[in-house]
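Note sheet for the following structure.
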Amino acid sequence: MLKSSGNFVFGVRIALALATIFLFTAANTAYAAERNLRVSYSAPATAFLPLWAAKDAGIFERNNLTVELLYVGSSPIALSALLSDELDVLAGGGTAAPTAYLQGFRDLALFSTLDHRFAFKIFTVPAIVDVAGLRGKRFGVTRFGGSLDFASRYFLKISGLDPQKDLQLVQIGNTADILAALVNGTVDAGSLTFPYNFAASKLGYRQLADLSQSGARYATAAFLSKRSFLIDQRLRMQSFVKALVESIHYVKTNPEAALKILQRYTRMADREILKLAYDEYAQKVWLRSPASEPDDIKLILEHLAQTNPKAREIQPAALIYSDLVDNVTRSGLVERLYK
């Protein structure tokens, strides 16, 4: 009887432990569902306009979402916040997912992408007329490990320069700061995105290269989250993607309102430059359905494989969670919006 009683007590303890785990997990899930959806974006760049418009035009709210947008100008910092659950979604360059994957963080997935082009421009002071002129110069990037850093190193390597030996890479801040650094002479060259490339041209700086013309695909404005979060919060994240699709349609069909939002987030007052950037994206870049594709991260994996051979073992599709965009596409929403 004593042995039987001991087994009974042990069984009760196990049941209580399991119940505690269940209640803790349920509480965490309920908490995640109740609090605001925290979304960061990596740069005040035109590519993110549909995200900003979804917030400012009330599209998130109409989809029963409370979204907190946070500007985090460093992809490595934003990734750290995502991994520690301080962020729910990271909107930025596609380098974060494969880099983290190689470090053992396998619960990350890209689930939507707004820009599939390698949309970076290399600008220099007028005195530099070719790539050879970059030797010994100061080249501005945002943060080491970020998208502009990746694009810059890629460009320099295919141009025959060693980023570590032939010039000095300088961390500046954001893309607007790189342009400011060109103007004040802190750097001699740098990578720029829309709309700052138009501002640089207007100020007389030389466009040395346009990486968007290379034909290479790159997840320039991609949405990254934990795969477990996307599954646990499927209904909310389905609504998030639906709102993105609706917002792409909104910015395409409401240019004046879109330009005001673009001005607010980029803090750029030159309407001519903003209009050039808007037209470029509205006509050529934003697809009606913002799916992430394996080809968007192949270039990143090839680049990472140069220093980490394990990158060659990663299948690009393993880093993508396509269910959310696929479900929105199958719902017929896109056809209804553009009919």
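All of the numbers you see were taken from the coordinates with simple rules; none came from a lab. Keep in mind that this is a model prediction, so the values were computed, not measured. As a convention, Cβ positions derive from the backbone with ideal geometry for all residues, glycine included, and neighbour counts pool all protein chains shown.
Okay, here's what the table says:
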quantity	calculated
Lysines with Cα under 29 Å of LYS165, excluding same-chain neighbours fewer than 8 positions away	LYS121, LYS137, LYS157, LYS298, LYS310
Antiparallel DSSP beta bridges within the chain, percent to nearest 5	55 percent
Label zone at LYS298, where the point sits 7 Å out along the Cα-to-Cβ direction: segment 95-135 residues whose backbone N lies under 12 Å	none
Structure-based [θ]222 nm, the chain - -39500 (n - 2.57) summed over DSSP H runs of at least 4, per residue, nearest 500	-15000 deg cm²/dmol
Cross-link partners of LYS55 among lysines (Cα-Cα below 19 Å; sequence separation of 8 or more within a chain)	LYS242, LYS252, LYS260
Gain upon complete extension [SER331, SER228; 0.36 nm per residue less C-alpha separation]	34.7 nm
Only Lys, Arg (+1) and Asp, Glu (-1) charged, at Cβ; the chain dipole about Cα centre in debye	200 debye
Convex hull of Cα atoms in the chain, direction-averaged projection (nm²)	21.0 nm²
Whole-Å distance, taken between Cα centres, linking segment 325-339 and segment 224-294	16 Å
Antiparallel content of DSSP bridges confined to segment 121-214, in %, to 5	55 percent
Quarter of the Cα convex hull surface for segment 212-328, i.e. its orientation-mean projected area (nm²)	9.2 nm²
Between segment 93-145 and segment 182-216, the alpha-carbon center distance in angstrom	14 Å
